[in-house]
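Peer 1: The structure follows.
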Amino acid sequence: MIWARRIIAPGEWNEVQDQFESLFVKLGCPGQKMMLVATSGCGPTILSASLPNTVLLTALAGFEKTGDGELPAEASLLVGHPYAFEKRLRYPKRPSM
């Protein structure tokens, strides 16, 4: 499994997510080897994608390969299976009211 990321502008969100989801479904919804997560905060939105192999990286325009050490600690799961997500990442903490 490899990881890749892409910084996106707000107007690109739907197109990039749809592109990944289409690939995910085409590959039979692979359980632990493929997911798309988002991190946002004060800076730009960053999408991180896990893929079964580097060949699939060419199917995702604008994504660049990264290492496990560059993954965020917290993210929101956009596409993938929750159990695979929870093995590597955690959901962002909600602010206390």
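Peer 1: Filtering region 65-97 down to residues that are loosely packed, with under 10 Cβ neighbours inside 10 Å and basic (K, R), which residue is farthest from the chain's Cα centre (by Cα)?
Peer 2: R94
Peer 1: Restricting the search to region 13-55, which residues are in a helix (DSSP H, G or I), under 14 Å from the mean Cα position of the chain (by Cα) and under 25 Å from A73 (Cβ atoms)?
Peer 2: Correct list: W13, V16, Q17, F20, E21, F24.
Peer 1: What tally of residues in region 56-70 results from selecting those that are assigned to a loop (DSSP other than H, G, I, E, B), closer than 20 Å to F85 by Cβ, of a type in the set (A, V, I, L, M, F, W, C) and out of contact with any Lys or Arg (no Cβ under 6 Å at 6 or more places or on another chain)?
Peer 2: 1
Peer 1: Further question on the same structure: Working carefully through the options V16, V37, find the one that is farther than 19 Å from Y91 by Cα, buried (at least 17 other Cβ atoms within 10 Å of the Cβ) and in contact with a Leu (Cβ under 7 Å, 6 or more places away or on another chain).
Peer 2: Only one candidate passes the filter, namely V16.
Peer 1: Follow-up. Answer with yes or no whether E15 is acidic (D, E) and in contact (Cβ under 8 Å) with a residue 24 or more places away in the chain.
Peer 2: It is false that E15 is acidic (D, E) and in contact (Cβ under 8 Å) with a residue 24 or more places away in the chain.
Peer 1: So which pairs qualify, if the first residue must be in region 58-80 and touching a residue at least 60 places away in the same chain (Cβ under 8 Å) and under 20 Å from G31 (Cα atoms), the second must be crowded, with 16+ Cβ neighbours inside 10 Å and among the polar types (S, T, N, Q), the Cβ gap must be under 7 Å, and the two must be at least 6 apart or on different chains?
Peer 2: Short answer, once both residue conditions are applied: L71/S48; L78/Q17; V79/Q17.
Values in this text are rule-based calculations from the coordinates and carry no lab data. Please read these numbers as outputs of a predicted model, since none were measured by experiment. As a convention, Cβ positions derive from the backbone with ideal geometry for all residues, glycine included, and neighbour counts pool all protein chains shown.
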